[in-house]
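Below is one structure, written out as structure tokens; comments come after it.
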Amino acid sequence: MTRRLSVRITVRVLQTGLAMTPLILLWPVLRHRLESEMLLHMLVEFPMLLAAGWAARDLLLPGATRRFPRIGQVLALLNWGGLTCASIVTCVAMFWMIPAALDATLLVPSVAAAKYASWWLCGFMLAGSWRRMAPEVLLFFVGNLSWTTATAGLLYMDTTSRLCANYLTDDQSNTGTGLVLLALVLGVLAFRQMMRLGATPATLTAITPPAAPAPTKVAR
């Protein structure tokens, strides 16, 4: 019992620390270090904000739903089957892969704030949605995200000119390589999750359409 309690406390402490990681971006030196290189900007800061939203959801939402049960019902209606979350996360990821959007985050504070908020919100939504997605939806969502990431990575790798005014071509090429590797990891995880969910009898029953009724003879 004591060991289980200590594990629970450790997990809660780690979740709290992860949820508070965006606060380090308030330190100008560290924020400039992360955003001075395209590789760190896209492959460290973006996942960090996503993970912070994910951890915050696990910390805040259970207590809020116990106190206000309607919150959970409303969120379930707005995010039926995880489709809303999948659409929002895909749009956010595609938008922040645009070179002009990355440049704008370094020049316009309001755009930078929108970047922080959008990635955090994606993590918050994704934490409670990915388990509710049907195997087909999960495969399409992560597969599409993987394909988009790989396409952007290949574009960054093959283009000899600078796509971002604030990043050099070498940094751009390194980021492209990282995006392609990330796309491969996402593809493998999507296939593994689809196989695991698709093998359960409950999931197979949920996604199998009902059989058509047998035709009946009409008496003459």
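The values are calculated or read from the model by the stated rules, or taken from the named source; none is laboratory data. None of these values were measured; they are calculated from a predicted model. Glycine also receives a Cβ, built like all others from the backbone with ideal geometry; neighbour counts cover every protein chain displayed.
One table, with the values for the structure above:
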| read-out | value |
| --- | --- |
| Helices (runs of 4 or more DSSP H) contained entirely in the stretch 74-167, each with at least 3 residues that are among the hydrophobic types (A, V, I, L, M, F, W, C) and under 18 Å from the mean Cα position of the chain (by Cα) | 83-95, 109-127, 135-158 |
| Selection from the stretch 81-105 of residues that are surrounded by fewer than 17 Cβ atoms within 10 Å (Cβ to Cβ), closer than 21 Å to Leu25 by Cβ and touching a residue at least 40 places away in the same chain (Cβ under 8 Å) | Asp103 |
| Qualifying position, being at pLDDT below 85 and surrounded by fewer than 17 Cβ atoms within 10 Å (Cβ to Cβ), among Pro109, Pro69 | Pro69 |
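Conditions (1) modelled with pLDDT under 75; (2) surrounded by fewer than 16 Cβ atoms within 10 Å (Cβ to Cβ), marked per residue:
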site: Leu139; (1), (2): no, no
site: Asp158; (1), (2): no, yes
site: Ser161; (1), (2): no, yes
site: Asp170; (1), (2): no, yes
site: Val185; (1), (2): no, yes
site: Thr200; (1), (2): yes, yes
site: Pro209; (1), (2): yes, yes
site: Pro213; (1), (2): yes, yes
